[in-house]
Amino acid sequence: MASLDDETHRKHEKSVEEPPRPPVLTAKPAVYSGCCLGLSAPLITHFHTLLPPSPSLVLSVGSGFGLLEAHLNAGPSPLNIVGVEVEPSPNVYLPVSSHRIVHGSRFLEPLAGEATAWLFVYPRRVGLVQEYLAEYSEGSVEKIIWAGPKADWDDYVGCFSGWDVIIQSTDEVGGRPWELIAVASK
Ligand SMILES: C[S@@+](CC[C@H](N)C(=O)[O-])C[C@H]1O[C@@H](n2cnc3c(N)ncnc32)[C@H](O)[C@@H]1O
């Protein structure tokens, strides 16, 4: 019979290798534990239209629990999206193969140089977007998606000077009316 320690170890391994299934989304936006952005099935469909298909790499900086990213990595046309978080990572839904960890909020993930698109959902600091752009905008990135509260966008818009930016109120695409998606293209 396996000891309690073996059982615990195996459960931990399972949780890393086989993350839980994310909650099923509905047609109307709702708040889910561990995700700041209100999510719905139509909103996920919309993100799919915005982001490049696999095998192009999408890097989500500050992926939190990884709920949005797990939905984007699923479905009939899963994206190739990797979520980055700060150690100790709150990640729940992304498998290790789709997750990177940096050692502090001032650190950047070098995979950004290879990613075709970057995603910043509810970033906490304008400086983080600026630092990624300063370090990696000459790499493969062609599109940056920012999503967050409309009230925050004015702080971030200046990051994207020289990029073509289209903004959408998320309630037009399956989200909540006080949130916004900005799509910046090179
Ligand atoms: C407000 S939370 C948003 C999380 C998630 N995107 C969501 O919508 O729920 C911001 C996240 O950014 C992460 N973060 C801060 N600095 C970071 C960095 N340098 N690299 C990656 N993640 C970072 C934080 O740990 C935090 O989980």
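Quick notes on this one:
- Pairs with Cβ under 8 Å, 6+ apart, first in the stretch 26-46 and within 16 Å of the ligand (Cβ to nearest atom), second aromatic (F, W, Y) and outside any helix (DSSP H, G or I): S33/F65; G34/F65; C35/F65; C36/Y122; L37/Y122; L39/Y32
Here's the yes/no breakdown for (1) touching a Lys or Arg at 6+ places or on another chain (Cβ under 7 Å); (2) of a type in the set (S, T, Y):
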residue: I144; (1), (2): no, no
residue: G158; (1), (2): no, no
residue: G162; (1), (2): no, no
residue: I167; (1), (2): no, no
residue: T170; (1), (2): yes, yes
residue: L180; (1), (2): yes, no
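- In the condition set (1) surrounded by fewer than 16 Cβ atoms within 10 Å (Cβ to Cβ); (2) in contact with an Asp or Glu (Cβ under 8 Å, 6 or more places away or on another chain), Y93 is compliant with all but (1).
- Residue count for the stretch 54-69, restricted to those that are of a type in the set (A, V, I, L, M, F, W, C) and either more than 12 Å from the ligand (Cβ to nearest atom) or under 16 Å from G104 (Cβ atoms) (or both): 3
- Within the stretch 116-131, if we keep just the residues that are in a helix (DSSP H, G or I) and either touching a Lys or Arg at 6+ places or on another chain (Cβ under 6 Å) or over 19 Å from C36 (Cβ atoms) (or both), the residue that is farthest from the ligand (Cβ to nearest atom) turns out to be Q130.
- Among residues of the stretch 136-169, those that are part of a helix (DSSP H, G or I) and farther than 23 Å from L111 by Cα, counted: 8
- Subset of the stretch 74-115 [in a helix (DSSP H, G or I) and in contact with a helix residue (DSSP H, G or I) (Cβ under 6 Å, 6 or more places away or on another chain)]: V96, A112, G113
- For the stretch 87-109, residues that are more than 8 Å from the ligand (Cβ to nearest atom) and closer than 20 Å to I145 by Cβ total 6.
- In the stretch 77-102, the residue that is nearest to the chain's Cα centre (by Cα) out of those that are of a type in the set (G, A, S) and either modelled with pLDDT under 95 or under 21 Å from H48 (Cα atoms) (or both) is G83.
The values are calculated or read from the model by the stated rules, or taken from the named source; none is laboratory data. Just so it is clear, the structure is predicted and the values come from calculations on it, not from any experiment. A quick note on method: Cβ atoms are made from the backbone with ideal geometry, for glycine too, and the neighbour counts reach across all protein chains shown.
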